[in-house]
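Chemist: So that we are looking at the same thing, I have put the structure below in structure tokens.
No lab work stands behind these numbers, since they all come straight from the coordinates. This is a predicted model, so every value here is computed, not measured. Every residue, glycine among them, receives a Cβ derived from its backbone with ideal geometry; neighbour counts consider all protein chains shown.
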Amino acid sequence: MKIKILCCAVSLILGLCLAPWVMAASQVAEGKCITYDKDKKIVTIEDYDTNFGPGYKYGHPTGKQSVYNVAGALIGIEPSPGDILRIAYEERDNQRVAIRIMNVSKQDLMKK
């Protein structure tokens, strides 16, 4: 009986300690790179939706453009205009701050 109470207490404490990290999960966006300014550390993409289909294996273009600050981002293969990018980001001070950038078109995992 004491072991069950101890396990419940430990689980509760761990849950409360890990809650802030779970709540601060990042968001993900995918789209075509419009511009990448290496000096200003800014990337602009045209957002894609999640309606995949023939001819649209990355989704349909929405026509909406989004700007991301990539100063502290982990970037795989450097993006160039026309590449399809997947960006994990967080909203900070009304700005989208990229955490990681994957160049999907140059590192196409669908071929494997």
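Chemist: Check the stretch 76-90 and report whether any residue there is in contact with a Pro (Cβ under 9 Å, 6 or more places away or on another chain), assigned to a strand (DSSP E or B) and of a type in the set (D, E, K, R). Can you show your working first?
Modeler: Here is the first cut: in the stretch 76-90, the residues in contact with a Pro (Cβ under 9 Å, 6 or more places away or on another chain) are 85.
Next, from what is left, pick out any that are assigned to a strand (DSSP E or B): 85.
In the following step, the residues that additionally are of a type in the set (D, E, K, R) were identified as none.
Checking the stretch 76-90: not a single residue is in contact with a Pro (Cβ under 9 Å, 6 or more places away or on another chain), assigned to a strand (DSSP E or B) and of a type in the set (D, E, K, R).
Chemist: Let me ask something else. Which pairs do you get when a residue that is over 12 Å from GLY31 (Cα atoms), found in the stretch 72-87, comes within reach of a residue that is not in a strand (DSSP E or B) and not hydrophobic (A, V, I, L, M, F, W, C), reach meaning Cβ atoms under 7 angstrom, with the pair 6+ apart or on two chains?
Modeler: GLY76/GLN107; ILE77/LYS106; ILE77/GLN107
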